[in-house]
Every structure is written in C-alpha cells, then in structure tokens.
1. Looking at this structure, is residue 296 among the hydrophobic types (A, V, I, L, M, F, W, C), surrounded by fewer than 24 Cβ atoms within 10 Å (Cβ to Cβ) and more than 23 Å from residue 21 (Cβ to Cβ)?
2. Could we say that residue 58 is more than 20 Å from residue 126 (Cβ to Cβ) and open to solvent by 10 Å² or more (accessible area, probe 1.4 Å) here?
3. Taking only pairs six or more apart or across chains, which ones have beta-carbon atoms under 8 Å, a first residue in the stretch 310-322 that is more than 17 Å from residue 28 (Cβ to Cβ) and without any contact (Cβ under 8 Å) to a residue 60 or more places away in the chain, and a second residue that is polar (S, T, N, Q) and crowded, with 19+ Cβ neighbours inside 10 Å?
4. So, in the stretch 38-51, how many residues would count as being exposed (fewer than 15 other Cβ atoms within 10 Å of the Cβ) and touching a Leu at 6+ places or on another chain (Cβ under 7 Å)?
5. Contact list please: Cβ distance under 6 Å, first residue in the stretch 65-88 and under 18 Å from residue 171 (Cα atoms), second residue open to solvent by less than 30 Å² (accessible area, probe 1.4 Å) and modelled with pLDDT under 95, pairs at least six apart or on different chains.
6. Looking at (1) touching a Lys or Arg at 6+ places or on another chain (Cβ under 7 Å); (2) touching a residue at least 60 places away in the same chain (Cβ under 8 Å), which is the only condition residue 267 fails?
7. Looking at the stretch 180-197, which of its residues are more than 18 Å from residue 250 (Cβ to Cβ) and surrounded by fewer than 20 Cβ atoms within 10 Å (Cβ to Cβ)?
8. Which of the following residues is open to solvent by 10 Å² or more (accessible area, probe 1.4 Å) and hydroxyl-bearing (Ser, Thr, Tyr): 310, 363?
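The values are calculated or read from the model by the stated rules, or taken from the named source; none is laboratory data. None of these values were measured; they are calculated from a predicted model. Reconstructed Cβ throughout: ideal geometry from the backbone, glycine too, with neighbour counts over all protein chains shown. Surface accessibility is based on the protein's heavy atoms, side chains included, excluding ligands, DNA and RNA. Shrake-Rupley method; radii C 1.70, N 1.55, O 1.52, S 1.80 Å.
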Amino acid sequence: MKKALLSLLIASGMSMSVHARELLVGSYTDGASQGIYRYRFSEGRIDAMPLQVVEAGNPSWLTLSADGRRLFAVNEAAAGRVSAFSLDAHHVLTAVNQVGSGGAEPTHSSLSRDGRFLFVANYGGSNTEGGSLSVLPVQADGRLGEPVQQVRHAASKVNPERQATPHVHSLVSSPDGRFVFASDLGADKVFAYRYEPDQAEPLKAFDAVDLPPGSGPRHLLLSADGRHAWLTLEMSAEVAVFDHQDGHLTLRATVPLTDSKDPAAKAAGALHASADGRFLYVSNRGTANELVVFAIDPLDGGLTLVQRRSVEGDHPREFALDPEQGFVLVANQKSDEIVVIRRDPASGRLGEVVQQFVQPAPSDLKFLD
C-alpha cells in the first residue's frame, strides 16, 4: 500500500514530506501586491504558485486565533479598518466582515487570551492627533464588533518629527492573560493595562514603564513563563530587557543591535524567540538590514550576542521561524521578497540562503498548523 501511494504521488508530480506547512503572507498593496497570500512551504522552499490569494487593502499584520479557525488582518490606511476571516479544515480563507479600527493606520493586533477581544494598535502616522489603541469585541461567529474602548496616550515630544504625537505600535498580553502591554513609540513608554473582560471598557490602566528618551518602543515579547520580556526600541536600535511580575515590568538592561553611530542604521523592528526559548532573533532595518541573534540566559533572561546576519535584502519588516525551527523566513518589504535562511537549532546561528522568493511588499508571515 505504501509503495502504491508513493508511486501515485510521484506519477502526479507531487512530493511527499512530513514537514509540509502552509504560510500566510500579509503585504502592502500600494504596488503589485493584491493582499493576503497562502502558500505551501516544504523543505525550506515556498512553492511558486499560491494556494489562495485574498484581495485586501494593506493587510500589514495578521492575527490568528488559538484554534486556527479565525484570522484578523489590520488594513493599514488613514481611515483604519480591520478585516475578519474564517478558515476551514483546508485553510481556505473566507471573508466574514470588516469594521473600523478606531484610529488611523493600524499596524498590529492581538487577541485576548480568552479570544473575546481583539486589541488593535493604531500607529497614526498621518493623523494630527497621532495613534491610539482600540478594543474590538469578537462575536461567537468570528465577526468583529465596533470598538468598545479607545485610548490615546501623551507623547514624549523628544523627537519633534517622530514623537510629536503618540504612536501605539503593538499590544501584547501576558501569558496568563491578566495584563495587556501597549508599546507607544511616540510616548517612550510601555503602558500596562489590567484585562477585565466583563467591564464595559475591558482595559484598565494599571502601570507604565519609562524607556530612554527618544528610543521609540515598538514590539514587546514575553517569555513563555512570563518572568521576562524583551522590547525592540526602534529609534535607538536596542533591545530592552525586563523582569516581569504581576503586570509590572522592571527595566534591567538595554542591548545595542548595531555598533554604528549612523542614525540611518538604527531601525529596530520585529523580534521572536526560538521555540525552546534559548535564542532571541531581532531585525534591524535601515542601512543595517540584519537579523541579530542572541542567546537567552535561562535564569535572568539576559542576552548575549551570537551573530549578526545580513537579510540579503532591504527592510526586514517581519520574519518567522518555521515550526520545525530549521529555517527563518524574512519579509524584506522594500526589496519585494521573502528570504529563507537555514538555521542551526543547536547553536541558534543562521546559515546559507535557501531561497529568495519574489513577493511584492511582504509585511507579515504566519504559519498555519
């Protein structure tokens, strides 16, 4: 039976791999891109022909539900929107509904741990009032409701061009779901909120941590056990290292991503940890265009530099480790490509480029189970 099945697969031109996965790609649609792409990924390569293309306006960030049956995409525009989709057993995407994001230029979103609310970061770069955070209810059928809460922080104004107004860049829940952290590039702060889902406004202001003036906090990542956290500081190209306990972040250190003094080399972006929690990967855009690899101290969450690796392209806005942890896929937005780089799980180091896949303006990558 097995030989017959193998012969059938070979005859039909298909390959058999236990590591075949599907990949969702969000993108900017001001040029050739159409929206959200679904691809097959196997043995370090993205298949040339997409499995599905969903037309959508600037779906720059994708959020999957815990069960993989719902997808939410922010539509980054001056009049921000958020789109909801369902996924069937074959991962086919079907549009459910679309609502206003409650602000301008949404760039990030995340679901509450119980799945009842979508937290949206409205960056607000073109809005004279700046950015804000919004809370959108998620109905039982996956439809999004209109925002039930909107919050705008005070800007630091340290950088008169980039921090004259607030710019919320990400919203991330603690592993236990009791707290939500809003990183505001324009305020030089991370704001902590207590999550109270049965209240009319589910987020209650709880605490705030100051970052170095003009550093511009962007994306926050908490360790799986919730004891530590790391934050990209976009404007200073650093990673902030925190201790975390019961919604309180305590800044312990800032670690540089580059030795360059040139401001053009300082544009920290995304960060992700390996599945085993041993390594942290951080993108630095600008003229650096690198992934920086750190080893994570298992006791205190401290970082030790392992490697700086070129992304072989321009503007690594986001990246993802594949589920088997053997590759890192980099969304090089400005060079219109996804670069697949081999990864050594033992050392954490990044090796050769396996594929440079043409994809107009990629902005986010999410693997499907």
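1. For residue 296, the condition - among the hydrophobic types (A, V, I, L, M, F, W, C), surrounded by fewer than 24 Cβ atoms within 10 Å (Cβ to Cβ) and more than 23 Å from residue 21 (Cβ to Cβ) - is met.
2. So residue 58 fails the test.
3. Taking only residues 6 or more apart or on different chains, the pairs are 310/289; 311/283; 311/289; 311/332; 312/332.
4. 0
5. That search, which allows pairs on different chains as well, returns nothing.
6. Only one criterion in (1) touching a Lys or Arg at 6+ places or on another chain (Cβ under 7 Å); (2) touching a residue at least 60 places away in the same chain (Cβ under 8 Å) is unmet by residue 267, namely (2).
7. 196, 197
8. Answer to the check: 310.
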